[in-house]
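**Q** Dropping a structure here in structure tokens format, bear with me for questions.
The values are calculated or read from the model by the stated rules, or taken from the named source; none is laboratory data. All values derive from a computational prediction rather than experimental measurement. Heads up, the Cβs are rebuilt from the backbone with ideal geometry, glycines too, and the neighbour counts pull from every protein chain shown. Please note that ligands, DNA and RNA were not included when accessible areas were found on the heavy atoms of the full protein model with its side chains. Shrake-Rupley method; radii C 1.70, N 1.55, O 1.52, S 1.80 Å.
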Amino acid sequence: MTYSIKLLPEARFDIKEIMEWYNEEKPGLGKGFYLALKSRLDYIQRYPLHCQVSYRDVRSILLDRFPYQVHYRIEETDGLIVVFAITHTSRDPRVWKSKT
């Protein structure tokens, strides 16, 4: 089965904030973050079950080069991978768990 990626509004907001922060630190670094994120989203789309379950039915994967992780849920019946949060690895897990 081929899955589609669906970014929830909360995840889109996370991405926007992270990219803005990186671009303030160094112009263009936000694009580097986005490319690392895109690479992981492509991976998740190809191998959705490969990532470990980190909480209930939520799976997580770390980004390369950036201390962030993508949290997602697989909706088998709809053929969707629902991404609901992108969080810094040092953040309290309760932040993203509250979004589930």
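**Q** Quick one: which of Ser54, Ser60 is open to solvent by less than 60 Å² (accessible area, probe 1.4 Å), without any contact (Cβ under 8 Å) to a residue 40 or more places away in the chain and more than 8 Å from the chain's Cα centre (by Cα)?
**A** Result: Ser54 is the single residue among Ser54, Ser60 that is open to solvent by less than 60 Å² (accessible area, probe 1.4 Å), without any contact (Cβ under 8 Å) to a residue 40 or more places away in the chain and more than 8 Å from the chain's Cα centre (by Cα).
**Q** If you go through the range 63-85, how many residues are touching a helix residue (DSSP H, G or I) at 6+ places or on another chain (Cβ under 8 Å) and either closer than 11 Å to Ile5 by Cβ or loosely packed, with under 15 Cβ neighbours inside 10 Å (or both)?
**A** Qualifying residue count for the region: 6.
**Q** Also: Among the residues in the range 29-44, are any in contact (Cβ under 8 Å) with a residue 24 or more places away in the chain and in contact with a Ser or Thr (Cβ under 8 Å, 6 or more places away or on another chain)?
**A** Looking for residues that are in contact (Cβ under 8 Å) with a residue 24 or more places away in the chain and in contact with a Ser or Thr (Cβ under 8 Å, 6 or more places away or on another chain), one finds none in the range 29-44, hence no.
**Q** I'm trying to understand the selection: among the residues of the range 46-78, which are of a type in the set (A, V, I, L, M), modelled with pLDDT under 95 and in a loop (DSSP other than H, G, I, E, B)?
**A** Leu49
**Q** Related question: Considering only the range 1-26, state which residues are open to solvent by 100 Å² or more (accessible area, probe 1.4 Å), of a type in the set (A, V, I, L, M, F, W, C) and assigned to a helix (DSSP H, G or I).
**A** Across the range 1-26, the qualifying residues are Phe13, Trp21.
**Q** Condition (residue is open to solvent by 10 Å² or more (accessible area, probe 1.4 Å), within 11 Å of the chain's Cα centre (by Cα) and at pLDDT 95 or above) applied to the range 27-36: is it met by at least one residue?
**A** Yes, that holds for at least one residue.
**Q** Looking at this structure, is Ser90 open to solvent by less than 50 Å² (accessible area, probe 1.4 Å) and either of a type in the set (A, V, I, L, M) or outside any helix (DSSP H, G or I) (or both)?
**A** no
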